[in-house]
Amino acid sequence: MYYCYVLLSTKSHIFYFGSAKDLRERLVLHNNGEVISTKPHRPWKLVWYGAFQTLQEARAFEQYLKSGSGKSFAYKRLISVALKKDFLSGRKGSPKRKENNTEKFA
């Protein structure tokens, strides 16, 4: 099995989307600082994962989650409970969203 996963940094309150064959080993690598992109935001907590039959499926879903519509889907359907708990434990704001720059005319 291959996995796509979402991590939450308990330090900087950001999410990280990734994929791996051995999920437990990958989480250890993230928390030991052996992954350059996640090292400054340690420690990490696993908030969601999904299992896939092939590496290509897991990577494709990871890429989708990193897209704009994928992030919206993830925040709404996969990690909303983690966001609520994160707010209760000290998060100051919600994930940044792109503003709609249309002006209203009177």
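Just checking, which of S37, S12 is surrounded by fewer than 18 Cβ atoms within 10 Å (Cβ to Cβ), small (G, A, S) and under 18 Å from K84 (Cα atoms)?
Criteria check complete, one pass: S12.
Scan region 44-57 residue by residue and report those that are more than 16 Å from H30 (Cβ to Cβ) and either hydrophobic (A, V, I, L, M, F, W, C) or assigned to a helix (DSSP H, G or I) (or both).
Residues satisfying the conditions are A51, F52, L55, Q56, E57.
Report whether or not R97 is loosely packed, with under 11 Cβ neighbours inside 10 Å, basic (K, R) and either modelled with pLDDT of 95 or more or not in a loop (DSSP other than H, G, I, E, B) (or both).
Spelling it out, it is not the case that R97 is loosely packed, with under 11 Cβ neighbours inside 10 Å, basic (K, R) and either modelled with pLDDT of 95 or more or not in a loop (DSSP other than H, G, I, E, B) (or both).
Can you work out which of the residues in region 77-94 that are surrounded by 10 or more Cβ atoms within 10 Å (Cβ to Cβ) and among the basic types (K, R) is modelled with the highest pLDDT?
Once the filter is applied, the top-ranked residue is K84.
For F17, are the conditions met, namely being touching an Asp or Glu at 6+ places or on another chain (Cβ under 8 Å) and either at pLDDT 95 or above or of a type in the set (G, A, S) (or both)?
Considered against the rule, which asks whether it is touching an Asp or Glu at 6+ places or on another chain (Cβ under 8 Å) and either at pLDDT 95 or above or of a type in the set (G, A, S) (or both), F17 comes out as yes.
The values are calculated or read from the model by the stated rules, or taken from the named source; none is laboratory data. Note that the structure is predicted; figures quoted are calculated from it, not measured. Quick reminder, even Gly has a Cβ in these numbers, built from the backbone with ideal geometry, and neighbours come from all protein chains shown.
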